[in-house]
Amino acid sequence: MHGIRPEERVIIALDVGTLDDAEKVVEATGERAAVYKIGSELFTRCGPAAVELVKTRGKEVFLDLKFHDIPNTVSRAVTAAVALGVKMLNVHAFGGAEMMRAAVEAARITGSGESPKVLAVTVLTSIDEVILAEDIGCRREVERQVVHLANLAARSGLDGVVASAKEIEVIRRNVGSDFLIVTPGIRPRWAAKGDQKRVTTPAEALRAGADYIVIGRPVTANDDPKEALERIIEEISG
Ligand code: C5P
């Protein structure tokens with residue numbers, strides 16, 4: 001991951017519901033942003049046109065649809081994502097090793113160009129010890145389950161994980177440095193927290209070992225998204 005410019009480490013979350021709004025964000029930030037994250041809302045509303053919109057402006061897409069299904073279905077979904085030309089996509093590690101291997105295999109069988117990075121979501125940050133134990137029936141504490149699933153993802157051939165800043169250190173220690181960590185829940189000191197509870201600044205997350213940081217509202221809901229992004233890039237470049 002060395003040699004990547006600071007601004008290439010920022011992924012802008014396109015958490016909007018229309019192509020017009022997506023276009024406004026890309027227009028406002030495109031000078032400095034290289035990668036945009038398209039999640040369930042925008043993709044469910046607008047479909048592949050959202051990916052197309054970003055790609056035609058020369059930008060890359062992280063398709064955040066968190067696939068979790070039987071291996072054959074996930075494999076076919078990944079093949080469809082590859083056809084869209086996304087740079088990164090993700091699956092739930094809870095789907096197991098066979099499902100993750102199927103995802104990686106499908107990602108690697110690409111026609112031309114670089115195959116997308118396949119990332120795992122381990123334990124969602126909205127899941128705490130009580131939910132993990134009582135609803136899901138998993139007896140491990142959250143951090144141990146995160147490490148367990150990150151290791152499973154690495155052994156299954158995945159390129160990395162999506163993980164909160166507080167999980168970075170333990171994942172690096174247990175899974176190694178050659179594993180991508182993409183971190184959301186980022187808030188510059190000057191931005192509102194919104195519904196995020198445990199937040200980390202962009203510079204802290206990168207110092208802790210994140211390869212990429214995902215930033216949504218601090219940029220997209222700012223009166224001046226371009227200036228907000230400039231400020232973040234300046235902070236992580238210093
Ligand atoms: O606006 P904000 O910066 O909070 O957006 C963060 C993005 O990262 C959203 O798309 C959110 O769904 C996603 N995300 C997150 N926390 C996780 C996983 C994903 O905030 N644990």
Is there any pair linking a residue in the stretch 61-83 that is among the basic types (Lys, Arg) to one that is buried (at least 18 other Cβ atoms within 10 Å of the Cβ) and at pLDDT 95 or above, with Cβ under 8 Å and at least six apart or on different chains, and which?
-> LYS66/ASN90; LYS66/VAL91; LYS66/HIS92; LYS66/VAL121; ARG76/ALA106
Out of all the residues in the stretch 169-186, which are buried (at least 21 other Cβ atoms within 10 Å of the Cβ) and either more than 14 Å from ALA120 (Cα to Cα) or of a type in the set (Gly, Ala, Ser) (or both)?
-> ILE186
Restricting attention to the stretch 68-94, which residues are surrounded by fewer than 23 Cβ atoms within 10 Å (Cβ to Cβ) and of a type outside the set (A, V, I, L, M)?
-> HIS68, ASP69, PRO71, ASN72, THR73, SER75, ARG76, THR79, GLY85, LYS87, HIS92, PHE94
Tally time: how many residues in the stretch 168-210 are assigned to a loop (DSSP other than H, G, I, E, B) and of a type in the set (A, V, I, L, M)?
-> 4
Mind checking which residues of the stretch 137-152 are within 16 Å of the ligand (Cβ to nearest atom) and either small (Gly, Ala, Ser) or not in a helix (DSSP H, G or I) (or both)?
-> ALA150
Please state which one of ILE70, ILE131, ILE127 is more than 28 Å from ALA22 (Cα to Cα) and more than 16 Å from the ligand (Cβ to nearest atom).
-> ILE70
Here is a list of conditions, (1) in contact (Cβ under 8 Å) with a residue 60 or more places away in the chain; (2) within 14 Å of the ligand (Cβ to nearest atom); (3) under 26 Å from ASN72 (Cβ atoms), and ALA120 meets all of them except one; can you say which number that is?
-> (1)
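Only one of ARG5, ARG9, ARG57, ARG32 is within 16 Å of the ligand (Cβ to nearest atom), surrounded by fewer than 23 Cβ atoms within 10 Å (Cβ to Cβ) and over 26 Å from GLN145 (Cα atoms); which?
Working: ARG5 fails: within 16 Å of the ligand (Cβ to nearest atom); ARG57 fails: within 16 Å of the ligand (Cβ to nearest atom); ARG32 fails: within 16 Å of the ligand (Cβ to nearest atom).
Of ARG5, ARG9, ARG57, ARG32, the one residue that is within 16 Å of the ligand (Cβ to nearest atom), surrounded by fewer than 23 Cβ atoms within 10 Å (Cβ to Cβ) and over 26 Å from GLN145 (Cα atoms) is ARG9.
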Going through the stretch 36-54 in order, the residues found to be of a type outside the set (Ser, Thr, Tyr), within 13 Å of the ligand (Cβ to nearest atom) and either closer than 13 Å to VAL86 by Cα or in contact with a helix residue (DSSP H, G or I) (Cβ under 9 Å, 6 or more places away or on another chain) (or both) are LYS37, ILE38, GLY39, LEU42, PHE43
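State which residue is nearest to the chain's Cα centre (by Cα) when the search covers only the stretch 156-166 and only residues that are within 12 Å of the ligand (Cβ to nearest atom) and closer than 22 Å to GLY95 by Cα. Break it down stepwise before answering.
Step one: of the stretch 156-166, the residues within 12 Å of the ligand (Cβ to nearest atom) are 161-166.
Right, trim to closer than 22 Å to GLY95 by Cα and you get 161-164.
On the way: VAL161: 8, VAL162: 5, ALA163: 8, SER164: 10 Å.
Filtering first and then ranking leaves VAL162.
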Taking the stretch 214-232 as the region of interest, how many residues are surrounded by fewer than 19 Cβ atoms within 10 Å (Cβ to Cβ), within 14 Å of ARG9 (Cα to Cα) and touching a helix residue (DSSP H, G or I) at 6+ places or on another chain (Cβ under 7 Å)?
-> 0
Residue by residue through the stretch 211-231, note down the ones that are under 20 Å from ALA22 (Cα atoms) and either in a helix (DSSP H, G or I) or among the small types (Gly, Ala, Ser) (or both).
-> GLY216, ARG217, PRO218, VAL219, THR220, ALA221, PRO225, LYS226, GLU227, ALA228, LEU229, GLU230
Would you mention how many residues in the stretch 167-210 are within 11 Å of the ligand (Cβ to nearest atom), touching a residue at least 24 places away in the same chain (Cβ under 8 Å), of a type in the set (Lys, Arg) and more than 19 Å from PRO225 (Cα to Cα)?
-> 1
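The values are calculated or read from the model by the stated rules, or taken from the named source; none is laboratory data. Values in this document were obtained by computation on a predicted structure and should not be read as measured data. Cβ coordinates were reconstructed from backbone atoms using ideal geometry, including for glycine residues, and neighbour counts include every protein chain displayed.
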